[in-house]
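See structure below.
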Amino acid sequence: MLIIKNCNLINMAGIYKEKKDLVVKDGKVLDICDDACQKYGQGNVIIDACGNYVTPGIVEPHCSLGVKEEVFRFEGNDADETTDPIVPQVRAMDAINPRDEGFKMALAGGVTTAVTCPGNANPIGGTCAAIKTTGNTVEEMVMVPEIAIKMCLTDGVKNTYGGKRSPMTRLGTAALIREALMKAKRYHDQWTASQKDPANKPPKFDMKLHSLMRVFDGMPVKFIAKRGHDMMTAVRIAEEFGLTYTVENCVDAWRITKDLKKHNVRCVLGPVYGEKNSENRYRDPIAGFVLEENGIEFAATTGHPEMNVELSMVQMTLMVKKGLNPMTALEAVTINAARACGLEDRVGSLEPGKDADIVIWDGDPFNFYTSAATVLIEGNVVYQKQQ
């Protein structure tokens, strides 16, 4: 058993800056109490947090860790299968390299869980995997092999195929997604009928449609859309086909809050700073404050390697500087991020029964000079800051 004593604990489940001890057993949080050493006796491994802030591990809800490696080399970039615009059958899990330098950066930033995805070149780009950010093999790291299907409505799509084949425009991108979903719905109906009654002939097996049809059984869709009008295209498609979905990157979200509230859109925001171009010219750290003011719950992402995953809390600090409540900022990278991915039963907060993914910070988490001092994943120390 492990005891982390003298925590200034923010557990994202009702405890905010309280002196507490954390008790960990078999990779899970066992207890949160006032004096664990007295309660549980001697012979336990003890880590003294020395009064420092202790939070759940950061959850990165959308990135390409291990799929598009930090050092960009052809052999390390497996994010975009551009031989075909529609590739729901490919899996990020099959490309993850646990030796990607990005995983060290993740741990240094206190990021313990990540949903890693295909790239942004395909209207439908395959499935995303939920992983822990340490492990020798993908099998050790993976939490959910296929947690969502990714669809993309950005300039990256038409810039990839424009002039060569469809889609050349946003019109073509949306049309290809709709066409694929229509085919998958018919396939799903036939497949379901054949499973219920052997007298019904199943459809001819099609790997693309067999993968994509899962969205009609509730598999979430991650729509990547940065501009406001692209975000609303995602909403139209999702509502038309009855999809469970999030809209991600969505740097324009703060400019269309009325529409987001009307459609109850779940947003994964970010990165909110960095290089600007025609598509993300309205990215601004003020986005978090505006969403909060309008009562819109959101998660936050770095989109690594678009922004270094190590800077997850730096991004949130910038949002706090622009008016976002610090507690809301922390929620965006912990429990809200976990909810956005369907992982809230395991990560995102420190509660008995949940994974002991823990960060001990060396200062206020919203100070630019603060770093993760010690990081634990499932109760094991996986990172310690060099003194």
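Here is how the numbers come out for the structure above:
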{"quantity": "Any hit, the range 47-60, residues being in contact with a Cys (Cβ under 9 Å, 6 or more places away or on another chain) and aromatic (F, W, Y)", "calculated": "yes"}
{"quantity": "First in the range 260-275 and hydroxyl-bearing (S, T, Y), second anywhere and open to solvent by less than 100 Å² (accessible area, probe 1.4 Å), Cβ under 7 Å, 6 or more apart", "calculated": "Y273/R283; Y273/P285; Y273/Q315; Y273/L318"}
{"quantity": "Unmet requirement for G303, which otherwise passes all of (1) among the small types (G, A, S); (2) under 21 Å from S64 (Cα atoms); (3) more than 18 Å from the chain's Cα centre (by Cα)", "calculated": "(3)"}
{"quantity": "Criterion violated by K354 - all others in (1) out of contact with any Lys or Arg (no Cβ under 7 Å at 6 or more places or on another chain); (2) modelled with pLDDT of 95 or more; (3) not polar (S, T, N, Q) satisfied", "calculated": "(1)"}
{"quantity": "Criterion: open to solvent by 30 Å² or more (accessible area, probe 1.4 Å), at pLDDT below 95, in a loop (DSSP other than H, G, I, E, B) and more than 19 Å from E60 (Cα to Cα) - qualifying residue of T83, T160", "calculated": "T83"}
{"quantity": "Residue list for the range 100-125, filter: in contact (Cβ under 8 Å) with a residue 60 or more places away in the chain and touching a Gly at 6+ places or on another chain (Cβ under 9 Å)", "calculated": "G102, G110, V111, T112, T113, A114, C117, N120"}
{"quantity": "Entirely in the range 181-278, the strands (runs of 3 or more DSSP E) that have 1 or more residues that are of a type in the set (D, E, K, R) and under 20 Å from I296 (Cα atoms)", "calculated": "221-225, 245-249"}
{"quantity": "Residues (touching a strand residue (DSSP E or B) at 6+ places or on another chain (Cβ under 7 Å), touching a residue at least 40 places away in the same chain (Cβ under 8 Å) and not aliphatic (A, V, I, L, M)) located in the range 1-44", "calculated": "K5, N6, C7, N8, N11, Y16, G27, K28, D31, N44"}
{"quantity": "Pairs, first free of Cβ contacts under 8 Å to residues at least 40 places away in the same chain in the range 287-299, second open to solvent by less than 10 Å² (accessible area, probe 1.4 Å) and in a loop (DSSP other than H, G, I, E, B), C-beta under 8 Å, six or more apart", "calculated": "A287/V251; A287/V272; F289/L324; E292/L324"}
{"quantity": "Odd one out for K208 among (1) more than 16 Å from I86 (Cβ to Cβ); (2) surrounded by 14 or more Cβ atoms within 10 Å (Cβ to Cβ)", "calculated": "(1)"}
{"quantity": "Candidates N136, N77 - the one that is open to solvent by 10 Å² or more (accessible area, probe 1.4 Å) and at pLDDT below 95", "calculated": "N77"}
{"quantity": "Residue within the range 52-59 that is open to solvent by 40 Å² or more (accessible area, probe 1.4 Å), over 30 Å from M307 (Cβ atoms) and either over 26 Å from the mean Cα position of the chain (by Cα) or without any contact (Cβ under 8 Å) to a residue 24 or more places away in the chain (or both) present", "calculated": "no"}
{"quantity": "Residue ID - surrounded by the fewest Cβ atoms within 10 Å (Cβ to Cβ), chosen from residues in the range 274-288 that are at negative phi and modelled with pLDDT under 90", "calculated": "S278"}
{"quantity": "Sole residue being of a type in the set (D, E), farther than 23 Å from T169 by Cα and more than 21 Å from the chain's Cα centre (by Cα), chosen from D189, D284", "calculated": "D189"}
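A quick yes/no check of all residues on (1) among the aliphatic types (A, V, I, L, M); (2) modelled with pLDDT of 95 or more; (3) open to solvent by 60 Å² or more (accessible area, probe 1.4 Å):
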{"residue": "K164", "(1), (2), (3)": "no, no, yes"}
{"residue": "K183", "(1), (2), (3)": "no, yes, yes"}
{"residue": "Q190", "(1), (2), (3)": "no, yes, yes"}
{"residue": "S194", "(1), (2), (3)": "no, yes, no"}
{"residue": "K204", "(1), (2), (3)": "no, yes, yes"}
{"residue": "H229", "(1), (2), (3)": "no, yes, yes"}
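The values are calculated or read from the model by the stated rules, or taken from the named source; none is laboratory data. The shown structure was predicted, so the numbers you read here are calculated from the model rather than taken from an experiment. Ideal geometry is used to build each Cβ from the backbone, glycine not excepted, and the neighbour counts take in all protein chains shown. To get the accessible areas, we keep the full protein, side chains included, count just its heavy atoms, and leave off ligands, DNA and RNA. Shrake-Rupley method; radii C 1.70, N 1.55, O 1.52, S 1.80 Å.
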